[in-house]
Amino acid sequence: MAAALVVDLEAEHSMDVILVGSSELSSPPSPRSRRDLVAYEVQVNQRDIEDMCICCGSFQVHTQHPLFEGGMCAPCKEAAWFALAKDKFLECLFLYDDDGYQSYCSICCAGETLLICENPDCTRCYCFECVDTLVGPGTSGRVHAMSNWVCFLCLPFPRSGLLQRRRKWRGWLKAFYDREAKSPLEMYKTVPVWKREPVRVLSLFGDIKKELTSLGFLESGSGPGRLRHLDDVTDVVRRDVEEWGPFDLTYGSTPPLGHTCDHPPGWYLFQFHRVLQYARPRRGSQQPFFWMFVDNLVLTEEDRAVATRFLETDPVTIQHVRGRTTQNAVHVWSSIPAVRSRHSALVSQEELALLAQDRQRAKPPAQGPAALVKNCFLPLREYFKYFSTELTSSLQMSHYTVKTATKKDFS
C-alpha cells in the first residue's frame, strides 16, 4: 500500500512531511479497543471502510460519513463517549467556541483534546483518537510537535493513512443534511475559500455592525453597501429591499427592556417577517441566505407562539450568566447552523419573567442583545469572507496547535 503523507505548510512554502510508512498501514496490532477494529478490519481482513463506522468501529452502518470515506452508525450504547445520533452530528459540525475554532472533531464530533488546523482560512479541529486510529499510531503527537499544521480537508492530496476525504465533500454534506435532518430550514452548501464574498447585511431595529466587524465579517469603516440598518420599516416595500440588495443575512430584534418603544412589541416581529420575505432569494436560488430574530424578553407568550409558527423554527434562550446569576437573556429564532445546539439554555419562563421585571427596573445590562448573540454568527465563516480582526490576529500570533475541548457549558 502506498505510503501516506501529512504535510506542514510553512509560510515560506516549505513543507514538513510526516510519513506514515507502509509497515504501519499494513501490519496493525491486534485490536485492543473497538476503535482499533477500523484499521485491523480494513488492512488485515480487507473490509471496505464504507462498511464500518469510522467514528467508533461499529459494523452497524446506517449511513455514510459526509466528509470522509467510511460509514457512520446510529448512537453507540457501548461507546458512551460517542453517543452520537446523526442529527447530533449535524448540530456539532457547525459549533464554534469563543476562540473562533470549531468545538468538536470534524470526524467524530466528539473528542477531548483537539488538533486545530492552522490554515488561516480553516477553523476545523480533529481529536487525537481519530487521528491516531485513521491516519496512523502516534500521528497526533507528531502533528502536535509541528509549527504549522494543515488539516485533512485543506491538504492538496486527499488521503492520509486510512483517512480519505470525499470528492465534492461539500455536496456530500448538504445531501447528508437534506436526508437526515428533521429541520424544515434549508442548509446551503458551504463555500470554498476562493469563492467566498463579503456578507451583505440588512439589520432591522437593532444594529449589529459592531459585532460583525469584531468577528471580521465587515471591514472597519466599510460603507453602507455591506450593511444597511433601518430603525423604521413602516414604509418599506419590496421594491426598496430589492434595490438595496441582494442580502445574505437579515437580522431583526425587539427593543431592549427598559427602552421606550414606538410600537407594541409584536409590531417588530410582524415587520421583520414581512421584510424577510422581500429579502429572501428567489425560489431555486443557490445563494446562501440566513436570518435571525432576537426577542429581548418583551414578546408575550402568544407573540412567541406566532413567531415560531411564522418563522418555522423553535426559539432558543441565550443568557449571560455571572457566577450563578443570570444577568441578561434573549430568545432567538434563526436559520444559522447550530444556533440551537450550541446556545440552548435551560431557563424556566418564571425565571425569565423575573429577569424581565428586574431589567425594566435596573440600568441596562453590560452585555446588550447584539453582544449576547455575537458568537452565533461564527458558523457563517463557512460561507462568507472574513477580514483580519483582533480575534483572528490573536489566533495567528498565539500559534498553538492543540486545544482542550471544554464543551459542557452551553450558556
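The values are calculated or read from the model by the stated rules, or taken from the named source; none is laboratory data. All values reported here derive from a predicted model rather than from experimental measurement. Positions of Cβ are backbone-derived with ideal geometry, glycine not excepted, and every protein chain shown enters the neighbour counts. Only protein heavy atoms, including side chains, enter the accessible area calculation; ligands, DNA and RNA are left aside. Shrake-Rupley method; radii C 1.70, N 1.55, O 1.52, S 1.80 Å.
Quickly run through the range 229-265 and pick out the residues that are under 21 Å from ILE318 (Cβ atoms) and in a helix (DSSP H, G or I).
Within the range 229-265, PRO265 is the sole residue that qualifies.
Picking from residues in the range 159-192 that are open to solvent by 60 Å² or more (accessible area, probe 1.4 Å) and of a type outside the set (Lys, Arg), the one that is modelled with the lowest pLDDT is PRO184.
Taking the criterion of being in a loop (DSSP other than H, G, I, E, B) and either in contact with a Leu (Cβ under 8 Å, 6 or more places away or on another chain) or aliphatic (A, V, I, L, M) (or both), the residues of the range 36-55 that qualify are VAL44, MET52, ILE54, CYS55.
When the residues of the range 132-146 are filtered to those that are part of a loop (DSSP other than H, G, I, E, B) and open to solvent by less than 50 Å² (accessible area, probe 1.4 Å), the one that is farthest from ASP36 (Cα to Cα) is MET146. For the range 266-299, a residue qualifies if it is assigned to a loop (DSSP other than H, G, I, E, B), among the polar types (S, T, N, Q) and surrounded by fewer than 20 Cβ atoms within 10 Å (Cβ to Cβ), and the qualifying residues are SER285, GLN286, GLN287. The single residue among GLU302, GLU351 that is surrounded by fewer than 22 Cβ atoms within 10 Å (Cβ to Cβ), modelled with pLDDT under 80 and part of a helix (DSSP H, G or I) turns out to be GLU351. The number of residues in the range 297-319 being β-branched (Val, Ile, Thr) and on the phi > 0 side of the Ramachandran plot comes to 0.
How many residues are out of contact with any Asp or Glu (no Cβ under 9 Å at 6 or more places or on another chain) and buried (at least 20 other Cβ atoms within 10 Å of the Cβ) if we restrict to the range 234-250? So the count comes out to 4.
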